[in-house]
Amino acid sequence: MTFADIVIGKISISHPRFRFEEILDQSSSSKGMTSVGQGLTKHRFIMVGIDGGNRRTATMLNLQTISDRLELQDLAHCYARAVDSCDFEALVNDVFAPDGTIDFSAIGGPVGDVDAMLAWVRPGMAAYGNSHHLMANHYFKIDGDRATGRVMCYNPMRRLPDENGIGAIEVHGHYYVDEYSRTGAGWRIASRRLELTYSFDV
């Protein structure tokens, strides 16, 4: 089975107990497929099983939806890598949309555009020797070229050593509540709001 086979509805999978049937939302397909995501996000398949004469179905995701979800997960990880490695150019070039906005007021940060975030995060990260933004529990809702998401972040951070050679460790837990837009370069964060769950020193 190839991607082209799926797009034009030619399914060639055989199984002694299952077969695949194509389900296409005509209201979506009538828009055509000139834009990435149009006509494909509602293009789904069901796996039909025959058990004692009873028809059982299970809905399957199409390749476009799977690809979108994986790309959005990669975007979350790209953000984490950029912050932890202080690669601030990547935040501009690979993570946020040109008109992206942030709201980090829950941790004393700015509310504004990407430039406001950079003006805050550059000196802020300079106070730390190490940090880990561990992303998990990705939850996305995709609608064509727009999407929303909620991503958990577990964030231990080690401050630079003080005069006694001790680097205090902070532990933060929060969620990123996001809106995403698909651009010519791929998915980007259109807006990000941080919801703080807990924060303490070790």
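What follows is calculated from the coordinates using simple rules that are stated; it is not laboratory data. The shown structure was predicted, so the numbers you read here are calculated from the model rather than taken from an experiment.
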Starting from one equal scatterer on each C-alpha and no solvent at all, send me the Debye-based log10 I(q)/I(0) for the stretch 78-202 at q = 0.11, 0.17 Å⁻¹, two decimals. -0.38, -0.90
Sorted by chain and number, the residues with a modelled amide H under 5 Å from that of Ala168, at a separation of 5 or more or across chains, are Arg159, Asp162
Can you tell me, using C-alpha contacts under 8 Å and at least 6 residues apart, the relative contact order of the stretch 67-201 as a whole percent? 23
Just to check I understand the Karplus step: with θ = phi - 60° and J = 6.51 cos²θ - 1.76 cosθ + 1.60, what whole-Hz values come out for the stretch 164-178, glycine and proline as x? 9, x, 9, x, 5, 10, 10, 10, 10, x, 7, 10, 9, 9, 10
